[in-house]
1. Which sequence of Arg85, Arg35, Arg67 reflects their accessible areas, 1.4 Å probe, from the largest down?
2. Largest first, what is the accessible-area ranking of Phe51, Phe133 with a 1.4 Å probe?
3. Ordering Lys53, Lys83, Lys172 by how much accessible area each has at a 1.4 Å probe, largest first, what is the list?
4. Can you run phi through the Karplus equation (6.51, -1.76, 1.60; θ = phi - 60°) for the stretch 21-29 and list ³J(HN,Hα) in whole Hz, with x for Gly and Pro?
5. Could you state how much accessible area Phe140 has, in square angstrom rounded to the nearest 10, with a 1.4 Å probe and all protein chains kept in place?
Amino acid sequence: MEEDELVSRLQANERGAVEYLYKKYSGALLGVIGRIITDTDLAEEVFHDAFVKICQKSESYDPSKGRLYTWMANICRNSAIDKTRSKEFSKAGKTNTIDDFVYKIEADNQIESEVDFIGLKETLYVLNEEQRFIIDQIYFQGYTHSEVAEEFGIPLGTVKSRLRAALIVLRKKLGEIE
């Protein structure tokens, strides 16, 4: 679905457009929030609220000011920042118990071991260091192409070229294309 069509369908409050928007962008938008709020449950709560705001305020999106994703990412980023400035957030940080931290560390270690188990890390080593870096930033850290370019001083075209080349290598490695 083209961006213009998606925006017009969103503005018409079509359910299919909202579902498509969620499927296509939820992971990246949650990644934007996750870089600011590390608590998974709280990040998901902020994402839910931001996503509702995106759907309700779709009329205010102006394509002449930027791409749809950038507009949505700004809403998510601002929502996350607002949450970190709230009294509720600062109180929650003061009342966390040692168990919260232990469980978080255990969960992080579990995720890493699951990734190791399926061989993903080994698969990524078929890529050169630049390609592996781009894949990590975009797919595991939640950055957008533009954010990687800005944050690390890499031209946007180079980011996209490295990503494209990395995906070709990975597809060949995984046997999806000949």
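1. Details: Arg85 185, Arg35 85, Arg67 150 Å².
Listed by decreasing accessible area, they come as Arg85, Arg67, Arg35.
2. Working: Phe51 25, Phe133 75 Å².
The ranking, largest first, comes out as Phe133, Phe51.
3. Lys172, Lys53, Lys83
4. 4, 5, 4, 7, 10, 4, x, 5, 5
5. Counting only protein heavy atoms, the figure is 110 Å².
The values are calculated or read from the model by the stated rules, or taken from the named source; none is laboratory data. It should be emphasised that the depicted structure is a prediction, and the values quoted were computed from it without experimental measurement. Only protein heavy atoms, including side chains, enter the accessible area calculation; ligands, DNA and RNA are left aside. Shrake-Rupley method; radii C 1.70, N 1.55, O 1.52, S 1.80 Å.
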